[in-house]
Amino acid sequence: MTTLLPCEPAPLEPFGVALHAPRPGTPVDAIPVAALRSLTRDHHLVLLRGFDGFAGPEEMSAYCAQWGELSVWPFGTVLDLVEREQPEDHIFAAGHMPMHWDGMYREHVPEFQVFHCVQAPGAGNGGETTFSHTTAVLRDAGPDTVARWSQVTGTYHRAMEYYDSTTVAPVVDAHPVHGAPVIRYNEPTDAGDDSFVNHPDLTFTGLPADELDAFHRELRAALYDPAHLYAHAWRTGDVVLTDNHTLLHGRNAFTSGAPRHLRRVQVLGTPPLVNPGLVR
């Protein structure tokens, strides 16, 4: 596979690989999409750094269309992730974003995410995007722990600008492409935290009520264990490609007013995965 690449992949810790542009001005599309797709499926996260990125959202969308069918939202295919002055949802705020998977509230669950950093927040301002390798979490957990987690089902409801939906999903599920065990989980927020904008409504069943708090603590510790967590510190121009079926992702809080600006496109699988848990 590396013979198709303009540079050798370098490992990231604890997972993922990075491709560094061999020379200034090398365009992202110098790398065959088929090679990047394979790398992303094999390593779950690919960082492209130092490449000549996208001049604007239209160019980014056109590039991502080479990967497959794109998720289309009311705003189009490219979501601008930037702090708003008066955000109505936490995706447009500066606070911590809990772990989740993309598409959990929509008709189709995307296989890939493509992120482009238009403007980094700056050193010391936080805003890292966090990714947890859930197959590794399950691999490293003991069989009794996995069996206990497998009893739990989450029911998630969230109303925001682009949808008002409920989905039901077992915490331990199977990757829809190759069947490896993965975790589907929306990390709960502290309902008393008034700084968090637009709390989702989450319910978990399958364990006795007095065991659920311990379940959440245990699972959260595993998701954020340094052996499983990659926190990407953005540099302007970075492109990050991820396997949405394997990873959960979130965001570290950042300094309000910092110039953090990402763009994100979701690429559906072939065929598109109909969301198995969507109930409305």
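Bear in mind these aren't lab numbers, they're just calculated from the coordinates by the rules spelled out. What you see is a predicted model, and the numbers here were worked out from it, not measured in a lab. Every residue, glycine as well, gets a Cβ built from its backbone with ideal geometry; the counts of neighbours run over all protein chains shown.
The alpha carbon centroids of the range 141-156 and the range 193-245 are separated by 15 Å.
Between 69, 187, 85, where does the largest GNM mean-square fluctuation fall for the chain, given springs only between Cα atoms within less than 10 Å? Highest fluctuation among the options: 85.
For the range 50-136, chymotrypsin sites (Phe, Trp or Tyr not before Pro) meeting the loop criterion (DSSP other than H, G, I, E, B) and having at most 13 other Cβ atoms within 10 Å: 75.
Taking the inverse of the mean reciprocal distance over all distinct Cα pairs, the Kirkwood hydrodynamic radius of the chain comes to 19.4 Å.
Counting DSSP beta bridges in the chain, what percent are antiparallel, to the nearest 5? Percent antiparallel among DSSP bridges in the chain is about 90.
A Gaussian network model of the chain, with springs between Cα atoms under 10 Å, assigns the largest mean-square fluctuation among 186, 244, 125 to 125. GNM on the chain, alpha-carbon springs under 10 angstrom: the most fluctuating residue among 216, 245, 44 is 216. The coefficient of translational diffusion for the range 185-279, derived via Stokes-Einstein from the alpha carbon Kirkwood radius under 25 °C and 0.890 mPa s, stands at 144 µm²/s. Loop-located GluC sites (Glu not before Pro) across the range 159-261 with a Cβ neighbour count of 14 or fewer within 10 Å are 161, with loop assigned by DSSP. Start at zero, step by 10 Å, and the Cα-Cα distances of the range 27-162 spread as 8, 32, 37, 19, 4, 0 percent across the bins.
Across the range 107-165, the volume of the C-alpha convex hull divided among the residues equals 186 Å³ per residue. I'd like the orientation of helix 209-223 relative to the chain: the angle between its Cα long axis and the longest Cα principal axis, in ° from 0 to 90, rounded to 10. Helix 209-223 sits roughly 20 degrees off the main axis of the chain. Its Cα gyration tensor gives the range 78-120 an equivalent ellipsoid. The semi-axes, each the square root of 5 times an eigenvalue, are 20, 15, 10 Å from largest down.
A quarter of the convex hull surface defined by the alpha-carbon atoms of the range 43-123 gives 7.2 nm² as the mean projection.
Once backbone amide H atoms are built at 1.01 Å from N, residue 182 has 173, 174, 175 as its partners under 5 Å, excluding neighbours fewer than 5 places away on the same chain. Taking 0.36 nm per residue of separation and subtracting the current Cα-Cα distance, fully stretching the chain between residue 55 and residue 107 would add 15.7 nm. For the chain, the relative contact order comes to 35 percent (Cα pairs under 8 Å, sequence separation of at least 6).
For the range 109-114, the Karplus equation 6.51 cos²θ - 1.76 cosθ + 1.60, evaluated at θ = phi - 60°, returns couplings of 9, x, 7, 10, 10, 10 Hz by residue, with Gly and Pro reported as x.
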